[in-house]
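Below: one structure, written as structure tokens.
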Amino acid sequence: MQADDYSIETILKEGRRFLVPLYQRKYQWGDSRLVPFWEDVEAKAVEVLEGSNKFQHYMGALILAPLTEATQIGITPRVQVVDGQQRLTTFQLFLAALREVARHHEAEHLVQHIEGYLYNQPRSKDTDPLTKFKLTPTPSDREIFHRIIEGEYSDIRLGLAKYFYGEKVPKNTPFPALRAYYLLRQWALDFVANGPSDWEPDTEDGEDGDHIDDDAAHEIMEGRIEALLRAALEQMKLVVITLDEGDDAQVIFETLNSKGEPLLAMDLVRNNIFQRAERQSLATDQLYNDLWATFDAPWWKNDAPFARPKRPRIDHFLAHVLAAETGASIAMRELYAEYRNFAVPKGKPRFPNVKDELNLLQKYAPIYRTLEGEEVENATMHWFGRKLAAWQVTTVYPIALQIAASELTQDEQHRVATLLYSYLVRRAVSGLTGKNLNKLFNAIAQHFHENGPSFGTLVTFFSTRSGESSRFPSNKEFRQAIKSKPVYVLAPGERTKDILWELELASRSKFSEKIERPEGLWTEHVLPVSWNEHWPFPEGPFVQRYSGDPRAIARNSLLHSLGNLTLMSGALNISSGNSSFTEKRSKYEQHTTLFMNKWFSKREKWDETDIHERGEYLAELALQRWSGLPDDE
């Protein structure tokens with residue numbers, strides 16, 4: 001048995017046939033496996049585009065059993081795929097999908113290049129017509145798979161129309177390979193057309209909105225196709241285990257597919273740490289009990305909510321610690337390699353001994369638990385963590401770790417955290433993109449690492465950011481956005497509720513009771529989205545919602561603005577429905593005690609004029625609650 005790791009390019013460029021034996025399952029990867037696969041490829045493609053790729057990404061094992069004619073001259077070697085056929089098939093489907101994306105963008109040279117990894121060049125003594133295919137699946141998958149490999153997407157769409165539902169391949173398809181091909185093509189098309197899901201080119205050094213001509217746009221898209229291709233071929237690797245003639249492939253297959261639990265990145269880190277501890281002749285049992293045992297609790301192994309990619313808390317915690325300590329961007333998918341590089345950079349240990357290394361993790365652990373809402377010792381970090389949860393932004397965690405682990409006073413920590421929170425809210429309400437925030441927060445962590453965390457340091461950082469993808473919205477822009485932007489759409493779900501609850505608190509006087517936010521609050525549109533004759537216009541006769549009348553268009557543009565939104569219980573929201581304002585006002589007076597809803601008891605009507613007036617009032621509260629940079633008048 002021989003084992004070594006190889007890139008996907010190395011595995012597929014060699015002329016040989018991969019045969020999936022009959023005892024293997026047919027292709028079964030569904031969305032739950034395809035999404036992380038795509039996220040891995042996309043993340044590596046981003047690294048290729050940015051020139052920041054440091055480590056290849058390990059995608060699992062491939063177990064091969066060469067057949068007897070492997071060394072015969074004039075015959076393409078054949079190998080049985082004992083294990084790993086689901087991964088290998090997915091890579092083939094991805095390459096076929098990417099080929100069609102390249103064809104769609106008329107990148108013929110990339111089409112031909114990709115086909116070199118899908119087809120073999122038959123040799124002089126080959127007689128089997130299937131020799132031309134790199135991969136031959138089980139018979140139940142073979143026809144669909146080879147049609148995908150051979151056909152253009154338009155032909156597949158037409159020839160396999162009975163397996164499509166409209167333009168999509170449904171989840172319950174009898175051929176998961178077809179859905180995988182469809183999804184991978186769709187995701188790649190979107191990536192090529194729009195860029196990565198959470199990334200934008202840096203615009204700090206250029207003018208925003210520069211015109212891009214057709215040739216430049218075509219070049220950008222070709223670059224993204226090539227980045228996806230290089231990510232899959234060069235940056236992904238498999239451990240290839242080649243069996244010897246005496247190895248029983250069936251027994252090995254059954255053994256490999258037993259119900260063992262996969263190792264987490266942190267399991268590998270733990271093993272590495274304690275191996276080094278043993279070499280240092282430290283008391284490993286005591287070290288484990290004193291400084292590691294808590295990390296083996298079930299809470300740490302649960303998936304971190306809202307964090308991407310989907311990984312256990314312990315893995316995300318480690319990535320945040322590394323980012324906080326180094327100020328560098330940490331590749332979550334290469335976490336073990338990142339940690340080894342951190343603990344022993346260039347072969348020289350960073351810490352005098354392993355105990356210091358473990359003490360570092362213990363220093364950050366309670367801060368992370370506080371951010372996750374498990375502890376409350378640091379009131380600022382507990383508050384900040386709940387805000388980040390509402391906004392589903394965990395990429396700020398390394399900055400929060402830096403702040404909490406520093407020597408800043410509680411007041412100073414709160415000022416820094418509040419400014420970061422204001423930045424998130426202001427950008428969302430102002431309709432500015434959130435796609436670049438991961439890179440920006442990493443830049444802040446680096447800035448703090450170099451200059452130390454403080455309010456002044458953060459203000460200095462923001463004052464240098466003027467591009468659309470990272471600038472801090474001004475008071476004037478934020479005020480106007482509060483009054484006119486569709487906040488319900490721009491900051492959906494829990495984010496809108498968080499904004500409204502903060503405005504509820506801001507509307508209370510110093511004599512009001514201090515209360516926690518009630519459970520089960522819903523966002524209410526006072527003037528309903530489905531408005532009708534019960535909601536007359538300030539002037540002129542009533543017109544229908546979709547009449548195209550300028551007054552209807554103007555009204556619809558205000559429906560989702562903050563001036564028309566409030567909070568109330570779900571039952572009251574449902575009961576109010578599309579009732580007239582008089583009926584709604586009566587229900588508000590009877591059933592809600594929130595301060596912000598007292599506003600409506602003084603109104604005889606509710607139309608555009610009232611929405612504008614309340615918007616002005618809320619804008620004043622918002623400017624106090626989410627303050628801007630100190631020099632912004």
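With only Lys, Arg, Asp and Glu charged, each at its Cβ (+1 for the first two, -1 for the last two), find how big the charge dipole of the chain is about the Cα centre; round to the nearest 20 debye.
Numbers: 75 positive and 91 negative charges, 273 e Å.
The calculated dipole for the chain is roughly 1320 debye.
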Could you tell me what percent of the DSSP beta bridges with both partners in the chain are antiparallel, to the nearest 5?
60
Considering region 355-497, what Rg and Dmax in Å follow from its alpha-carbon atoms?
15.7, 56
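For region 334-376, which whole percent of the accessible surface, found with a 1.4 angstrom probe, sits on carbon and sulfur atoms? Don't skip to the answer; put the middle values down first.
Numbers: 1010 of 2070 Å².
Its accessible area is 49 percent carbon and sulfur atoms.
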Along region 539-544, Karplus-curve 3J(HN,Hα) (6.51, -1.76, 1.60; θ = phi - 60°) to the nearest Hz, with x for Gly and Pro, reads 9, x, x, 6, 10, 6
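For HIS146 and ASN359 in one chain, what is 0.36 nm times their gap in residues minus the Cα-Cα distance, to one decimal in nm?
Here the answer is 71.2 nm.
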Compute the acute angle (0 to 90°) between the alpha-carbon long axis of helix 475-484 and the principal axis of greatest extent of the alpha-carbon atoms of the chain; round to the nearest 10°.
90
Can you give me the distance in nm between label points at ASP155 and ASP631, each placed 7 Å from the Cα along the Cα-to-Cβ direction?
6.3
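From the C-alpha coordinates alone, can you work out the Kirkwood hydrodynamic radius of region 420-464, in Å? Don't skip to the answer; put the middle values down first.
Details: mean 1/r = 0.0893 Å⁻¹.
Averaging 1/r across every pair of different Cα atoms and inverting gives 11.2 Å.
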Using a basic spin-label model with each label point 7 Å from the Cα along Cα→Cβ, how many nm lie between TRP522 and LYS310?
2.9
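Quote to one decimal, in nm, the extra length available between GLN392 and HIS113 on full extension: 0.36 nm per residue of separation minus the C-alpha distance between them.
Full extension of this stretch gives 96.4 nm more.
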Please name which of LEU322, LEU371, PRO129 has its Cα lying farthest along the dipole of the chain towards the positive end, using unit charges on Cβ (Lys, Arg +1; Asp, Glu -1) and the Cα centre as origin.
LEU371
Please calculate how many Å² of accessible area region 103-173 carries per residue, with a 1.4 Å probe and no DNA, RNA or ligand atoms counted.
60
Between (1) 28.7; (2) 35.7; (3) 30.9, the structure-derived mean projected area of the Cα convex hull in nm² is (2)
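Going by average Cβ density within 10 Å per residue, which order do the peptides 598-610, 74-86, 17-29 take, highest to lowest?
Working: 598-610: 14.5, 74-86: 19.6, 17-29: 17.1.
So the order, starting with the most tightly packed, is 74-86, 17-29, 598-610.
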Run the simple label-point estimate for GLU407 and HIS534 please: 7 Å along Cα→C-beta, distance reported in nm.
6.3
When the accessible area of region 455-597 is split by element with a 1.4 Å probe, what percent falls to carbon and sulfur?
54
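Of all the accessible heavy-atom surface of region 4-100, with the other protein chains kept in place and a 1.4 Å probe, what percent is carbon and sulfur?
Numbers: 1850 of 3670 Å².
About 50 percent, which is the carbon plus sulfur part of the accessible surface.
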Please list MET381, MET221 in order of solvent-accessible area, largest first, computed with a 1.4 Å probe with all protein chains present.
MET221, MET381
Just order 416-422, 168-174, 427-433, 137-143 by mean Cβ neighbour count inside 10 Å, highest at the front, would you?
416-422, 427-433, 137-143, 168-174
Restricting to Cα pairs under 8 Å and 6 or more apart, the percent relative contact order of the chain works out to 13
Scan around LEU64 for amide H atoms under 5 Å from its own, H built in the peptide plane at 1.01 Å from N, and keep only partners 5 or more places away or cross-chain.
VAL82, ILE241, THR242, LEU243
Taking the chain as the reference, fit the longest principal axis to its C-alpha atoms, fit the long axis of helix 494-507 to the helix C-alpha atoms, and give the angle between the two in degrees, 0 to 90, nearest 10.
30
Just from its helices, what would the mean residue ellipticity at 222 nm be for the chain, if runs of 4 or more DSSP H residues each count -39500 (n - 2.57) and the sum is divided by every residue, rounded to the nearest 500 deg cm²/dmol?
-16000 deg cm²/dmol
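Run the numbers for SER547 and ASN194: contour at 0.36 nm per residue of separation, minus the present Cα-Cα distance, in nm. Intermediate results must be reported in sequence, preceding the final value.
Details: separation 353, 0.36 × 353 = 127.08 nm, distance 3.34 nm.
Gain in length upon complete extension: 123.7 nm.
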Could the peptides 520-533, 496-509 be put in order, highest first, of the mean number of other beta-carbon atoms found within 10 Å of their residues?
496-509, 520-533
For q = 0.18, 0.20 Å⁻¹, what log10 I(q)/I(0) does region 451-541 give under the Debye formula with an equal point scatterer on each alpha carbon and no solvent?
-1.12, -1.17
Using only Cα atoms and rounding to the nearest 10 degrees, what angle (0 to 90) does helix 176-194 make with the longest principal axis of the chain?
60
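Given a 1.4 angstrom probe, what's the average accessible area per residue across region 360-502, in square angstrom?
That works out to 36 Å² per residue.
The values are calculated or read from the model by the stated rules, or taken from the named source; none is laboratory data. If you're wondering where the values come from, they're calculated on a predicted model, not measured in any experiment. Every residue, glycine among them, receives a Cβ derived from its backbone with ideal geometry; neighbour counts consider all protein chains shown. In case anyone asks, the SASA skips ligands and DNA or RNA and just uses the protein heavy atoms, side chains included. Shrake-Rupley method; radii C 1.70, N 1.55, O 1.52, S 1.80 Å.
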